[in-house]
Each structure stands twice: as C-alpha cells, then as structure tokens.
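Accompanying notes for the structure given below.
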Amino acid sequence: MNFVPNPASPDSDPLIVRGACPHDCPDTCALLVTVKDGVATEVRGDPAHPTTAGVLCTKVSRYTERTYHKERLLHPMKRVGKKGEGKFERISWDEALDTIAARLKDIAARNPQAILPYSYAGTMGLVQGESMSMRFFNKIGASLLDRTICASAGGVGYKYTIGTRIGADTEHVQDAKLIIIWGGNPIASNLHFWTRVQEAKRRGAKLIAIDPYRSLSADKCHQHIALLPGTDAALALGVMHVLINEGLLDTDYIAQYTLGFDQLKQRVQEWPPQRVAEVCGISADEVIQLAREYGGAAQRGEITMIRANYGLQRVHGGGMAVRNLACLPALVGAWRHAGGGLQLSTSDSFPKNSAFLQRPDFLHQHGVATRTINMSTIGDDLLRESSADFGPRVEVMIVYNSNPVAVAPESGKVVQGFAREDLFTVVLEHFQTDTADYADILLPATTQLEHVDVHATYGHVYMMANNAAIAPLGESKPNTEIFRLLAARMGFDDDCFKDSDNAIAEQAFDRSNERAADYDWTRLKEKGWQRLNMPAAPFANGGFGTPSGKCEFYSARMLADGFDPLPTYIAPHESVASNAALAAKYPLAMISPPARNFLNSSFVNVQSLRDTEGEPHLDMHPDDAAARGIANGETVRIFNDRGSMLAKVRVTPKARPGLVVGLSIWWKKFSADGKNANEVTSQRLTDMGNAPTFYDVLVQVEACAGSA
Ligand SMILES: Nc1nc2c(c(=O)[nH]1)N[C@H]1C(S)=C(S)[C@@H](COP(=O)(O)OP(=O)(O)OC[C@H]3O[C@@H](n4cnc5c(=O)[nH]c(N)nc54)[C@H](O)[C@@H]3O)O[C@H]1N2
Ligand SMILES: Nc1nc2c(c(=O)[nH]1)N[C@H]1C(S)=C(S)[C@@H](COP(=O)(O)OP(=O)(O)OC[C@H]3O[C@@H](n4cnc5c(=O)[nH]c(N)nc54)[C@H](O)[C@@H]3O)O[C@H]1N2
Ligand code: SF4
Ligand SMILES: [Mo]
C-alpha cells in the first residue's frame, strides 16, 4: 500500500488517497480512499487524525455506494417535460453552456440583479463551495444571496457575547467533568465529539441533555431536561439567576474578563426559577439543580463544557438564546481550562482568504449597490414582481450545493416559485433531487472523490486537504470548472477566471494571520490535515473578539442594533403561550431535526441508508395520540395553514407532551404524498441573523381516513 496524494502519477496499486469529508457536519473527517484500477473501493477514516481517529459515520463509510450510484447524473441535460416533472434529454456540454451563457448575457444586459445564485453547504470546500462561483456572480453583478438557512441566528447571538465564533476545543472534551449537550444530538450529527463525551463519561463525567425531544443522545445522558422548544433563553436566565444569587461564580474571571456584571445581576432578578419553569414547561427544581451542578463543578476546579448546537436557534428568539448561553462559561470561569467553556462553532478560527477566493471587489465595478436576497425566504422572493422596493423579478436561478425545494421553509411557496414558466433554472448536481426536477438545464457535478478541495471546519481546528481519488464519472465536472467555462463564454478575461483548483487552494488561507502562518498547500495535500496555531483554551486569559475584548454581558452593539443590551427572553412566533389563538387550531409544536442516516437531504437516495430510516415518521407522546384516537403505526396527516404532509406515527414518550417530531430532511419524491416537513414550516425569521424558524411551528395531527 502506498500513500499517493495525487493519483495523476500512480505507480502502485492499490493507492490510498487522502481526502476530507465535504459534508455539512462539524466533524470534517480525514478520509483514506482506497483506489484499485482507477476505482474507489473503500473510504475509511484516518486513524492518525486526532478527531477522526479512524472512524467515519455510517453515511460516509458508504461513500462508494453514493459515488457509483446508478442514478448519478453523468451528462448535461435539458428539460423536455413540464417544470417539476423531471423529464430530461441528454445534450452536449457545448449546447448546455451556450444556452446558459446566451440567457445570462441577455438578462445581464437589462439588469444583472435578475440573476440569483442559490447555494449552501452541499460541499463545505473552500474551492468547490464559494470561490469560482462567487467570482463569476460578482463579475456579472448578480443579486447576492444571504446564506442564512442554518446558523446565522446563533452565529450573530454568539458574536454579541463572545465576539467571534471560536469555542472550546473538541480535543480536550474527554477531560471535562460536566458536559451539557444543549440543543444538539451528537450521536447523529457530531459523532466524533460524542466519542470524546463517552470517554469523559467513563472517566466519571456527568452528562446533561437539554432538548425538547429524547434524542438518541439525550437518551444516553445521565439527565434530560425536556423544555419546550424555543425557551432556552429563559432557562439560561434562570441558571444565571441561581449562579449569581448563590455566589457560584468565578469573581476573579468576571472582574478581569467580562463587561456588565452589575447590570446582568440586576436583570436576572426578573428570572427566578419558578418563572423560568413556567416558561420552559419544566420544574423549578430542574433549573436550580442545573445551575448548582454547573456552578458547583466549576467551584471544585472541574472542567465544564457546554456543547450548544444549532437545534436551539431555529426559533424566533434563537439569536438571543445563544447570546444568553454564551454568558454562562464566563460567570463560572469555565474558559480557564482546555476543553472548558462553550462550543457552538469553531469556524472563525480559520483565517479564510475570502477576498481572493470570491473577489467581492468585482461588485464595485458595477457602480450600483447590489441587492441581497435571503435564501430562507426564497419562497416569497421567487413570487415577487419587480418593484422599486424589491428590484427586478428573479428571472434566473443557478442552484449548486443545495436542494432548496426540499430544505427551504414553507415549501408550497418554494415549489410555486420554481414552477414559474418564466423562470430559467440551472441546477448543478450529483443526482436528480427534488430541486433538479425543476431545472431547465441540469449539469452533472463531480463528487469529493473526483475533485480537489481544501477545507476549514466548524467543529475542530484542522485545515483539511482533499485530493482527487478517481477521474470524474461520465462527463461530470467540478463546480469550479463549470463556472470557468461559463466565464469564458461570458467573455470575462480577468486572470482569476483561469485559476486552477490547486491555484485556488494554495491561497485559500491567509498566511499573514499567525494561525495559518505555515499553511502550505503542497504539504497539506501530502499530510491531509494540519492544526491551526491555536491555544487549547482560547479565552483562558480573556481576549474575546468583542469591541471591549471582554465577554460582554452588556452589549452596546446590541443596543445600537436595536436589541436589548442585556440577556432577555424572546418568545416563539408560534407556541401555546405566545399565540393562543393559533394554538387553539394547531395545538402541537413540531420540530424536524436531522435524521441520523441522512445529512440534510443528502443521502436520502442511498438505498441502504434510506432503508435504515424506513419512511417519514412522526414521534408523538402517548397522551397526545390517545387524545386524537391515533394508534402506533398509523398514517397521520400533519397540517397547518401553510400545508400538510403524511407520516407514520410512532407513539413514544421520547416526544414530550405537546410536541411532535418528524426527523428530516426527506426527499419529497420518496414519501407517499410527495411532501416533507417543510410543507408546514414558516418563512418567519429569527430575531437575529435573518434565519429560518424551522422549529417554531404549530400543527395539528389527525388520523388519516383509511389508514391502519
Ligand atoms: N446525521 C446528520 N448529521 C448532521 C446533519 C444531518 O442532517 N444529519 N446536519 C448537519 C447540519 S447542517 C447541522 S447545522 C448540524 C447541527 O444540526 P442541529 O440542528 O444542531 O441538529 P442536531 O444535532 O440533530 O440537534 C438538534 C437537536 O435540537 C433539538 N431541538 C429542537 N428545538 C430545540 C429547542 O428549541 N431547544 C433545544 N434545547 N433543543 C431543540 C432537537 O430535538 C434535536 O435533538 O448537524 C450536521 N450534522
Ligand atoms: N425542516 C427542516 N428543514 C431544514 C433543516 C431542518 O432541520 N429541518 N435544516 C436546515 C439546515 S441546518 C441546513 S444546513 C439546510 C441544508 O440544506 P442544503 O445545503 O441544501 O443541504 P442538502 O439538502 O444536503 O443539499 C445539498 C445538495 O448539494 C449537492 N452537492 C454536494 N456536493 C456537491 C458538489 O460538489 N457540487 C454540486 N453541484 N452539488 C453538490 C448534494 O447532492 C445535495 O443535493 O437545510 C435546512 N432545512
Ligand atoms: S458526515 Fe461528519 S461524521 Fe460523517 S464522515 Fe463526514 S465529517 Fe465525518
Ligand atoms: Mo445546517
């Protein structure tokens, strides 16, 4: 066996090629791909990479099944049926690119802002994500896309308190004595963190899950606090109330490295445990005990770690919830220790060279301010006419690295938008997804095994390289190459449109930043991964990214941005407490968090993984089922004013009373009624970051006539 970073010069068989998992997962694993006679036969985790530790999740261990799937798109196609019908006919690359370029030129001559890119994190690579693509759209002067669909509420909230998305170091989690898993299900979505949590547990750590649902992970914790969705900000206020009033504090850390303690102390007096308990639907004792465990462990000098995940910020007050949580570690001095503190994301650890990658300077050449469209309200925005306020109607959508027809909220409207006869839609994909069905031109993209990339991550602090292991399947091309070819047809002659993928990767990180000072692409490709120059306890001595350099309990920036400058509670848009009239019609809160064997809507078409998930389910508490005469295994209709979907009920106490859970994100075409959970989700946004409120939804559920 021979490690060969670049299979272009192989002289041994089998080859082992170093790669990185491209998926939207905090773990960004280091891959070892076995290649025999030009065919990838196995994908394994690199045992030497500290966080991967030789293990991959089930999804990516099956990567060859996805790559060589018989339904991979292998050549360009044009639509021959009706929009959404999914009937296509093979065409040549020349015909595809000429057709697209002609359309783009025509529209750009009138108003380039009628052109909209739509992309997210199908691949998280810095090269195949937003590099050549953004250069292309910036050069055109197309509308900008606000990429809010996942993490922007929590990101903004975290930054108000901490200043930058840097957090506790995953590599030291096993040393913690108390781990709070807050709004995340790491067994499904952050496996390599969970491995370290298990090690901590063996060493005597206590695990607490805070989640409305008894997820796979919550089920394996010592304690599960099942609060109502969207009420985490109140719970954090209650914990702070107890910590402060019982003196479970690190007064030295507070004095040196925080701002606004006296105002915070006053504010939390409004949140005694009893009030918090009522808002959260839990007991006052749970609030008090949580604070005592947390503050007590810290007082004993033990490492405490909060893993906040994005589950808690997909609600109206999601930004504020994360802002509040981020105050907790500073109060008890948890940041002093490696592995202590809080982790929401590590993404700002990486000094990405965005100015080089994306060339935002091209926008200035257009002399007009470019409008921004929020990807989370694409349903409404595709249906809007031209107006002075909105700008031109969207006439072209170019979709890559995303599947909006399945993943965007209020899907009924998204579908109506994509079905517009006057919309010209191009989709770059591996498969004929729900979105691809609406394409006018469908282009085959390469997978991670077939192209080069370099990765930052959001769950650890290693720069990761991906070498191409095999030749592109069929006529598929990397995203970069597709935009390079389109740029040539548009007559864009700037040198950057000729950069190779390796040339882009070479400058993906900013070496003038000390964290990436010794970044060297050639070396990274050989080694596969390299840790940033980062201390294991990033805020042991303060150094927060806020304007004051401190952890800001009081935030002048929040005040300037129109928010309460102190931690507060913002109720859900849709809940029994906040909207009684709506709750009278639709009394059940519905959440649709990730299913273990899918990654967002990726992998739903991989048979072995879909078989494991079975079919769309709805978990419902026995009391709620009994009240509706619904039996386990029955097919039910889930509905509200926005839409409806069918699912098979699992009657289980895992869902707290008043809550239903539909693990997601199913491809619509694989469900009985061609629908998924986003039929009922809304386009209303979060308090901060203009993000969607996927878990802030009221529905009603009824037995389906004729089902058994
Ligand atoms: N297998 C798998 N892994 C994934 C993904 C996937 O789809 N499948 N998705 C990836 C992506 S894009 C992301 S963003 C990440 C993180 O994705 P997250 O959205 O953080 O997903 P989970 O880790 O499943 O955690 C969500 C948990 O939050 C809970 N929850 C829902 N509402 C609330 C609430 O109001 N308060 C609290 N405290 N909890 C709530 C849910 O019940 C669920 O157990 O995972 C990534 N990893
Ligand atoms: N109801 C509900 N809706 C949700 C969520 C939820 O929890 N509940 N979660 C939300 C979250 S957190 C997120 S991040 C979004 C995710 O939404 P998306 O980012 O759209 O994620 P995916 O559904 O995985 O779709 C990614 C697509 O990119 C394609 N792809 C992968 N690599 C490449 C490539 O190299 N080139 C090209 N051209 N295509 C590629 C894949 O085949 C896949 O179809 O969904 C959101 N929607
Ligand atoms: S999806 Fe996550 S856990 Fe699975 S291989 Fe990729 S990075 Fe690792
Ligand atoms: Mo996400």
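The values are calculated or read from the model by the stated rules, or taken from the named source; none is laboratory data. Computed from a predicted model, the values in this text were never measured in an experiment. Positions of Cβ are backbone-derived with ideal geometry, glycine not excepted, and every protein chain shown enters the neighbour counts.
Evaluating Ala151 against the criteria (1) buried (at least 24 other Cβ atoms within 10 Å of the Cβ); (2) away from ligand 3 (no atom under 16 Å from the Cβ); (3) not acidic (Asp, Glu) leaves one unmet condition, (2). Residues in the stretch 431-458 that are surrounded by fewer than 23 Cβ atoms within 10 Å (Cβ to Cβ) and either touching a Pro at 6+ places or on another chain (Cβ under 8 Å) or closer than 24 Å to Ser500 by Cβ (or both): Ile441, Glu450. Going by the conditions given, is Thr161 among the polar types (S, T, N, Q), assigned to a helix (DSSP H, G or I), over 24 Å from Val55 (Cβ atoms) and away from ligand 2 (no atom under 15 Å from the Cβ)? So Thr161 fits the description; yes.
Being within 16 Å of ligand 4 (Cβ to nearest atom), among the hydrophobic types (A, V, I, L, M, F, W, C), buried (at least 19 other Cβ atoms within 10 Å of the Cβ) and under 20 Å from Ser189 (Cα atoms), is that true of even one residue in the stretch 670-687? Yes, because at least one residue in the stretch 670-687 is within 16 Å of ligand 4 (Cβ to nearest atom), among the hydrophobic types (A, V, I, L, M, F, W, C), buried (at least 19 other Cβ atoms within 10 Å of the Cβ) and under 20 Å from Ser189 (Cα atoms). Checked against the criterion of being at pLDDT 95 or above, among the acidic types (Asp, Glu) and within 29 Å of His69 (Cβ to Cβ), the candidates Asp501, Asp520, Asp510 yield just one match: Asp501.
Check whether at least one residue in the stretch 67-85 is within 16 Å of ligand 4 (Cβ to nearest atom), surrounded by 17 or more Cβ atoms within 10 Å (Cβ to Cβ) and under 30 Å from Thr28 (Cβ atoms), and report yes or no.
No, that holds for no residue.
Yes or no, residue by residue, for (1) under 25 Å from Ala537 (Cβ atoms); (2) aliphatic (A, V, I, L, M); (3) more than 16 Å from ligand 4 (Cβ to nearest atom):
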| position | (1), (2), (3) |
| --- | --- |
| His224 | no, no, yes |
| Gly230 | no, no, yes |
| Met240 | yes, yes, yes |
| Asp250 | yes, no, yes |
| Pro273 | no, no, yes |
| Ala298 | yes, yes, yes |
| Asn309 | yes, no, no |
| Asn324 | yes, no, yes |
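Note on the stretch 507-620: enclosed helices (runs of 4 or more DSSP H) holding 1 or more residues that are more than 30 Å from Gly163 (Cα to Cα) and within 16 Å of ligand 1 (Cβ to nearest atom) are 607-613.
Quick one: which of Lys668, Lys654 is out of contact with any Phe, Trp or Tyr (no Cβ under 8 Å at 6 or more places or on another chain) and among the charged types (D, E, K, R)?
Residue meeting the stated conditions: Lys668.
Could you tell me whether the stretch 508-518 includes any residue that is under 25 Å from Tyr118 (Cα atoms) and out of contact with any Gly (no Cβ under 7 Å at 6 or more places or on another chain)? Among the residues of the stretch 508-518, at least one is under 25 Å from Tyr118 (Cα atoms) and out of contact with any Gly (no Cβ under 7 Å at 6 or more places or on another chain), which makes the answer yes. Lys59 fulfils the conditions (1) more than 16 Å from ligand 4 (Cβ to nearest atom); (2) charged (D, E, K, R); (3) surrounded by 14 or more Cβ atoms within 10 Å (Cβ to Cβ) except for a single criterion, (1).
Scanning the stretch 619-630 for residues that are surrounded by fewer than 20 Cβ atoms within 10 Å (Cβ to Cβ) and free of Cβ contacts under 8 Å to residues at least 12 places away in the same chain turns up at least one hit. Picking from Gly154, Gly184, which residue would you name as being touching a residue at least 60 places away in the same chain (Cβ under 8 Å), not in a loop (DSSP other than H, G, I, E, B) and not aliphatic (A, V, I, L, M)? Of Gly154, Gly184, the one residue that is touching a residue at least 60 places away in the same chain (Cβ under 8 Å), not in a loop (DSSP other than H, G, I, E, B) and not aliphatic (A, V, I, L, M) is Gly154. Going through (1) in contact with a Leu (Cβ under 8 Å, 6 or more places away or on another chain); (2) more than 16 Å from ligand 4 (Cβ to nearest atom); (3) in contact (Cβ under 8 Å) with a residue 40 or more places away in the chain one by one, Ala205 falls short only on (3). Counting only strands (runs of 3 or more DSSP E) that fall entirely inside the stretch 392-493 and contain at least 3 residues that are not assigned by TED's automatic domain parsing to the domain that holds Ser133, the qualifying elements are 453-455, 462-466.
Of the residues Ala334, Ala338, Ala321, the single one that is in contact (Cβ under 8 Å) with a residue 12 or more places away in the chain and closer than 14 Å to Tyr160 by Cα is Ala321.
No other residue among Asn502, Asn541, Asn513 is polar (S, T, N, Q), under 19 Å from Tyr158 (Cα atoms) and surrounded by fewer than 20 Cβ atoms within 10 Å (Cβ to Cβ) apart from Asn541.
Among the residues of the stretch 389-436, those identified as within 12 Å of ligand 2 (Cβ to nearest atom) and charged (D, E, K, R) are Glu410, Glu429, Asp434.
Of all residues in the stretch 201-222, which are assigned to a helix (DSSP H, G or I), surrounded by fewer than 23 Cβ atoms within 10 Å (Cβ to Cβ) and more than 16 Å from ligand 2 (Cβ to nearest atom)? Break it down stepwise before answering.
Narrowing the stretch 201-222 to residues assigned to a helix (DSSP H, G or I): 201-202, 216-219.
Those left that are additionally surrounded by fewer than 23 Cβ atoms within 10 Å (Cβ to Cβ): 201-202, 216, 219.
If the condition is that a residue be assigned to a helix (DSSP H, G or I), surrounded by fewer than 23 Cβ atoms within 10 Å (Cβ to Cβ) and more than 16 Å from ligand 2 (Cβ to nearest atom), then Lys201, Arg202, Asp219 are the ones that fit.
Only one of the numbered conditions (1) outside any strand (DSSP E or B); (2) buried (at least 18 other Cβ atoms within 10 Å of the Cβ) is not met by Leu646, and that is (1). In the stretch 274-283 there is no residue that is in contact with a helix residue (DSSP H, G or I) (Cβ under 7 Å, 6 or more places away or on another chain), assigned to a loop (DSSP other than H, G, I, E, B), touching a residue at least 40 places away in the same chain (Cβ under 8 Å) and over 20 Å from Val197 (Cα atoms). Output the residue which, of all residues in the stretch 688-708 that are touching a helix residue (DSSP H, G or I) at 6+ places or on another chain (Cβ under 8 Å) and not in a loop (DSSP other than H, G, I, E, B), is surrounded by the fewest Cβ atoms within 10 Å (Cβ to Cβ). Among those that are touching a helix residue (DSSP H, G or I) at 6+ places or on another chain (Cβ under 8 Å) and not in a loop (DSSP other than H, G, I, E, B), it is Gln700. Looking only at residues of the stretch 14-47 that are out of contact with any strand residue (DSSP E or B) (no Cβ under 8 Å at 6 or more places or on another chain) and in a loop (DSSP other than H, G, I, E, B), we find that the one that is farthest from ligand 4 (Cβ to nearest atom) is Asp37.
For residues that are among the charged types (D, E, K, R) and touching a Lys or Arg at 6+ places or on another chain (Cβ under 8 Å), scanning just the stretch 423-458, find the one that is farthest from Glu65 (Cα to Cα).
The extreme case among them is Asp440.
Considering (1) within 24 Å of the chain's Cα centre (by Cα); (2) without any contact (Cβ under 8 Å) to a residue 40 or more places away in the chain; (3) over 19 Å from Asp24 (Cβ atoms), the lone condition that Gln432 does not fulfil carries the number (2).
Looking across the stretch 297-344, the residues that are part of a helix (DSSP H, G or I) and either surrounded by fewer than 24 Cβ atoms within 10 Å (Cβ to Cβ) or of a type in the set (Ser, Thr, Tyr) (or both) come down to Ala297, Gln299, Tyr310, Arg336. Say we look at the stretch 101-136 and pick out the residues that are farther than 22 Å from Asp381 by Cα and of a type in the set (Val, Ile, Thr); which of these is surrounded by the most Cβ atoms within 10 Å (Cβ to Cβ)? Here the answer is Thr123.
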